[in-house]
1. Considering (1) part of a helix (DSSP H, G or I); (2) touching a strand residue (DSSP E or B) at 6+ places or on another chain (Cβ under 8 Å); (3) open to solvent by 50 Å² or more (accessible area, probe 1.4 Å), say which one H222 fails and leave the rest.
2. Look at the stretch 227-256 and say how many of its residues are over 21 Å from N135 (Cβ atoms) and touching an Asp or Glu at 6+ places or on another chain (Cβ under 8 Å).
3. Restricting to the stretch 269-299, what's the tally of residues that are in a helix (DSSP H, G or I), hydrophobic (A, V, I, L, M, F, W, C) and in contact with a strand residue (DSSP E or B) (Cβ under 9 Å, 6 or more places away or on another chain)?
4. Inspect the stretch 203-218 for any residue being open to solvent by 50 Å² or more (accessible area, probe 1.4 Å) and farther than 15 Å from V103 by Cβ and give the result as yes or no.
5. Quick one: would you say S357 is closer than 22 Å to E178 by Cα and small (G, A, S)?
6. For the stretch 21-51, which positions are closer than 16 Å to M3 by Cα, of a type outside the set (A, V, I, L, M) and part of a helix (DSSP H, G or I)?
7. Taking helices (runs of 4 or more DSSP H) that fall entirely within the stretch 86-187, which contain at least 1 residues that are among the aliphatic types (A, V, I, L, M), surrounded by 14 or more Cβ atoms within 10 Å (Cβ to Cβ) and out of contact with any strand residue (DSSP E or B) (no Cβ under 6 Å at 6 or more places or on another chain)?
Amino acid sequence: MNMKYYTMTELIDGVTSYILMPESERPTLGQFYYYAQKHLTKEEKDLIKTSAAEQRNNKRLLISDSLKDVYGPADMVEIDACEADVSLVSELDPDQAIGRPIVYFMIDIYSRIILAVSVAFDNNSILGITNLFLNLADDKQEYCKKYGIEFNDKRLWPSGIIPKRIRVDRGSEFKSYEFDRICNEIGIEKQIVSGASGSLKGVVEQAFHQMHAKQNVHLENHGLIEKRYDSLHHKEASLTIHDYTRMVINFVLAHNQQHIETYPLTKEMIEKNVAPVPAILWEYGSKKYGMPQPIPVLEQYLYSLMTPIKAKISKRGISYKDLWYFAPNDKRLMSEMYAAGTKRMPFEVRMDMRDVSAIYYIRNSKLVKIPLNVLITGNSDYKGLTMKQYEEYYSAKKKMQAKGRIDNEKIETAVYANNESIVKSAKKNVHSRTKDIRSSREIDKQKVSYEGKISTRLESEDETSKNISADDQKENSVTEYRDYASFEEALQDFYDNN
């Protein structure tokens, strides 16, 4: 402060010097502190100590709550992702740690019920979002059975609905063009909260906090990531992604039937004895405001979650990144292939990036699947791979082709130089005769034939055999046969020579 406000500059021997003003002309630390206390508000002090974002997130006045302008179940949901506080091990190699899983939640604001989850390793990825939307459409009872968990009442975990509005933060996956496309096609309004303001979507943040609180006590010494320098979470890791997903499902089912003490009950809820339990609130709100919008056509919904790709159609089929697709029973597609001919025309299709085995398109309001063409060599080798796995092979192939082009240029240059040398050495000063071409050609033809005779090769082989051992010579040299008068004479000759 003294340097900035209470110094004078003076030019001494051509050098600018800073001279502190006399003590009587500048405040002491006590005077400055007293002045600040008298003239700064608490809001200004907090802003100086932290930042505008931190102050807005943690210090703002709470004159409303998350239920403002929310009208019933599925009117507004919040989506967010978090890295779980645990390190996992590989399902293929249980001795290999693979780090933290990424958990996505979709939670309904009105009822606080968790509608969908995703447990994977896709962070800031559109795959994590589509995993969440796929789970939204799943039959939750069947989904839980895959993990050995069963529940009888479907009301504990609703399925097959489409929310009207989604509240998200400024994560890269939520701001992406692909997420905007999905929301537009499904018919969901997206709302983005201010940056660095997690409290503006506090419902889902609180759900993550509760999940960690319930899980961490069990994860200690089993991969729990502790905020200390000597945390041994990778060495202690023991759970697979399958095991941890079971823990997340266990939390969701418990959360959806737990009493929420902090839920703002209305007068009507109290009069009708509506307990603040997510599953009960969902049922109550559905009766009061109407049932949430169901997924109208599942195939169309799934198609919206696929990624549009820039494919081409030609008489060989539909191609994308050197993969070829063909449906032998689709006569309409075959007609379009015939019409395209050798040209490669744009063709609108979509792909699930989790599996390159097929592409899809909509025709006559029906979803059409086009599998990989197994008749093209090597095409079926990539069946069952994800797009990321395939792109590793695709990239390696491109590098190989780039190197091959460079090698081909070297070879072509050498061939050109050799051919040029041969042609130059054969130049003559006079023109060739054109008379007697046929007879002269016949002479050269027979000469070439004689030079290629088999006996020349046999003699070369016999010459080589002289340089090898006697045993090898018997096996490899050319045998010359002679005529014998009788079998006995031939047998005697054999004994004499062996």
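1. If we test H222 against (1) part of a helix (DSSP H, G or I); (2) touching a strand residue (DSSP E or B) at 6+ places or on another chain (Cβ under 8 Å); (3) open to solvent by 50 Å² or more (accessible area, probe 1.4 Å), just (1) comes out false.
2. 1
3. The number of residues fulfilling the criteria is 2.
4. Yes, the conditions are met somewhere in the stretch 203-218.
5. For S357, the condition - closer than 22 Å to E178 by Cα and small (G, A, S) - is met.
6. E23, S24, E25, F32, listed by residue number.
7. Where helices (runs of 4 or more DSSP H) fall fully within the stretch 86-187 and carry at least 1 residues being among the aliphatic types (A, V, I, L, M), surrounded by 14 or more Cβ atoms within 10 Å (Cβ to Cβ) and out of contact with any strand residue (DSSP E or B) (no Cβ under 6 Å at 6 or more places or on another chain), they are 126-137, 177-186.
For every residue, the table says whether it meets (1) at pLDDT below 90; (2) in contact with a strand residue (DSSP E or B) (Cβ under 8 Å, 6 or more places away or on another chain).
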{"site": "P328", "(1), (2)": "yes, no"}
{"site": "M337", "(1), (2)": "no, yes"}
{"site": "R344", "(1), (2)": "no, yes"}
{"site": "D352", "(1), (2)": "no, yes"}
{"site": "V356", "(1), (2)": "no, yes"}
{"site": "V368", "(1), (2)": "no, yes"}
{"site": "T386", "(1), (2)": "no, no"}
{"site": "E409", "(1), (2)": "no, no"}
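The values are calculated or read from the model by the stated rules, or taken from the named source; none is laboratory data. Only a predicted model underlies this, so the values are computations on that prediction, with no experimental measurement involved. Glycine gets a Cβ as well: all are built from the backbone with ideal geometry, and neighbour counts include every protein chain shown. Side chains are part of the model used for accessible areas, which takes the heavy atoms of the whole protein and leaves out ligands, DNA and RNA. Shrake-Rupley method; radii C 1.70, N 1.55, O 1.52, S 1.80 Å.
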